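Reading through the structure tokens given below for one structure.
The values are calculated or read from the model by the stated rules, or taken from the named source; none is laboratory data. Fair warning: this is a prediction, and the values are worked out from it, not measured in the lab. Cβ placement follows ideal geometry from the backbone for every residue including glycine, while neighbour counts extend to all protein chains displayed. Areas reflect the complete protein model, heavy atoms only, side chains present, ligands, DNA and RNA absent. Shrake-Rupley method; radii C 1.70, N 1.55, O 1.52, S 1.80 Å.
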Amino acid sequence: MSEETGQISEAQVAEYLQQHPDFFTSNAKLLEKLHVPHETGRAVSLVERQTTVLREKNQNLTAHLSDLIDIARHNDLQFEKTKRMVLALLEAETLDDIAVAIDESLCQDFASDSTALILFTSKPLDVNNLRLTLREDAAVIDSLVGTNLPSCGRLSDAENEFIFGDEAVKVQSAAVVPLVQGETLGLLAIGSFDANYFTSSQGTVLLSYVGEVLSRVASRILRQQDH
């Protein structure tokens with residue numbers, strides 16, 4: 001202890017620790033409060049490097065797990081919405097029932113701005129909530145239904161006007177699902193006023209599934225009306 005200041009000097013502390021190397025064994029709690037810099041110049045110790053790598057891996061795994069949980073929640077929500085739509089379609093007894101079920105599900109559950117259900121037929125059917133047209137009068141949308149695959153993105157002005165009519169000026173992007181059951185029956189179109197809502201890069205698995213269910217239900221009802 002310094003006679004002038006009454007304080008212990010660094011040299012005295014160092015000398016004491018040298019004489020008592022097991023000091024921290026019985027005073028382990030002090031280690032939690034000590035700051036011991038690991039200075040190795042340009043070199044990095046193996047322990048330090050391993051600790052850094054493990055910490056980064058832990059952070060990456062935590063972020064990845066969080067992403068997976070978010071995706072699972074999103075998929076669960078999408079499944080519930082799709083299930084409600086499918087059940088409503090299975091209960092449909094008329095073409096208008098189909099159109100109402102589709103419109104309610106897409107506008108309420110999936111937040112679409114506009115929907116259009118178009119069927120190709122030459123039969124005079126009594127419908128109010130969907131559109132009937134001859135296949136030969138729908139040449140403007142041949143590229144949309146010719147592949148039998150859903151497509152997303154911006155439509156041409158002619159396609160947009162043919163499908164959405166008066167609302168075409170507001171529809172900036174759309175998803176189009178051809179309805180096919182042995183032959184092309186028509187199409188389901190879902191429009192958005194947001195130009196970035198539907199893009200060509202997004203997945204179409206859900207749209208394909210809805211199209212398959214809708215095609216089967218529509219085909220069944222059309223056959224019933226033939227008798």
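So if I check each of D194, D166, which one is surrounded by fewer than 21 Cβ atoms within 10 Å (Cβ to Cβ), closer than 13 Å to G153 by Cα and of a type in the set (D, E)? Spell out how you get there, then give the answer.
Details: D166 fails: closer than 13 Å to G153 by Cα.
Among D194, D166, only D194 is surrounded by fewer than 21 Cβ atoms within 10 Å (Cβ to Cβ), closer than 13 Å to G153 by Cα and of a type in the set (D, E).
Just to be sure I understand, how many residues within the stretch 197-219 are free of Cβ contacts under 8 Å to residues at least 60 places away in the same chain, surrounded by 12 or more Cβ atoms within 10 Å (Cβ to Cβ) and assigned to a helix (DSSP H, G or I)?
Selection size over the stretch 197-219: 6.
When you go through (1) open to solvent by 30 Å² or more (accessible area, probe 1.4 Å); (2) in a helix (DSSP H, G or I) one by one for A101, which number turns out not to apply?
The number of the failed condition is (1).
Give D126, D76 a once-over and let me know the one that is in a helix (DSSP H, G or I), out of contact with any Lys or Arg (no Cβ under 7 Å at 6 or more places or on another chain) and not aliphatic (A, V, I, L, M). Before the answer, list the steps.
Values: D126 fails: in a helix (DSSP H, G or I).
Exactly one of D126, D76 is in a helix (DSSP H, G or I), out of contact with any Lys or Arg (no Cβ under 7 Å at 6 or more places or on another chain) and not aliphatic (A, V, I, L, M), namely D76.
E80: farther than 25 Å from G191 by Cα and either under 18 Å from the mean Cα position of the chain (by Cα) or surrounded by 10 or more Cβ atoms within 10 Å (Cβ to Cβ) (or both), yes or no? It would help to see each step written out before you state the result.
On the way: farther than 25 Å from G191 by Cα: no; either under 18 Å from the mean Cα position of the chain (by Cα) or surrounded by 10 or more Cβ atoms within 10 Å (Cβ to Cβ) (or both): yes.
Considered against the rule, which asks whether it is farther than 25 Å from G191 by Cα and either under 18 Å from the mean Cα position of the chain (by Cα) or surrounded by 10 or more Cβ atoms within 10 Å (Cβ to Cβ) (or both), E80 comes out as no.
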